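*Asks:* One structure is given below, represented as structure tokens, and several questions about it will come after.
The values are calculated or read from the model by the stated rules, or taken from the named source; none is laboratory data. The structure presented is a predicted model; accordingly, all values stated were derived computationally and were not measured. Neighbour counts run over all protein chains shown; Cβ positions are idealised from the backbone, glycine included. Areas reflect the complete protein model, heavy atoms only, side chains present, ligands, DNA and RNA absent. Shrake-Rupley method; radii C 1.70, N 1.55, O 1.52, S 1.80 Å.
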Amino acid sequence: DETYDDARSFQEGLARVKKDDEWFFIDKNGDRISDETYDSAESFHEGLARVVKDDEWFFIDRKGNKIF
């Protein structure tokens, strides 16, 4: 089992977690939804989560795909 520096509650079956100053999302099995990490992340709402990486805010879908 992986240990996280911070973890937030599950929203829409996914949780945002932080390790080594990077945020990413896991499913209820503890598996990452993608290899991407973010400087900051918000919880999923209606299938999208707002994230920031390198000072750029954007949305991702539940598979980690960037949505413009």
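*Asks:* Can you give me the accessible area per residue for the chain, using a 1.4 Å probe, in Å²?
*Replies:* In whole numbers, the chain has 68 Å² accessible per residue.
*Asks:* If you place +1 on the Cβ of every Lys and Arg and -1 on the Cβ of every Asp and Glu, how big does the dipole about the Cα centre of the chain come out, in debye to the nearest 20?
*Replies:* 320 debye
*Asks:* Per the 1.4 Å probe, what fraction of the accessible area of region 1-62, in percent, lies on carbon and sulfur atoms?
*Replies:* Carbon and sulfur together cover 37 percent of it.
*Asks:* Normalise the Debye intensity by I(0) for the chain, one equal point scatterer per Cα, no solvent, then take log10 at q = 0.15, 0.22, 0.23 Å⁻¹ and round to two decimals.
*Replies:* Per q value, in the given order, log10 I(q)/I(0) is -0.39, -0.88, -0.97.
*Asks:* Do you know the relative contact order of the chain, to the nearest whole percent, from alpha carbon pairs under 8 angstrom that are 6+ apart?
*Replies:* Relative contact order here is 20 percent.
*Asks:* Right, another one. Once amide H atoms are placed 1.01 Å from N in the peptide plane, what residues at a sequence separation of 5 or more from residue 44, or on another chain, have their amide H within under 5 Å of its amide H?
*Replies:* Placed amide hydrogens put 11 under 5 Å from residue 44.
*Asks:* Post the alpha-carbon centroid distance, region 18-35 to region 44-68, in whole angstrom.
*Replies:* Going from one Cα centre to the other spans 14 Å.
*Asks:* Under 15 Å from the 7 Å Cα→Cβ point of residue 54, by amide nitrogen: which residues of region 17-48?
*Replies:* 36-40
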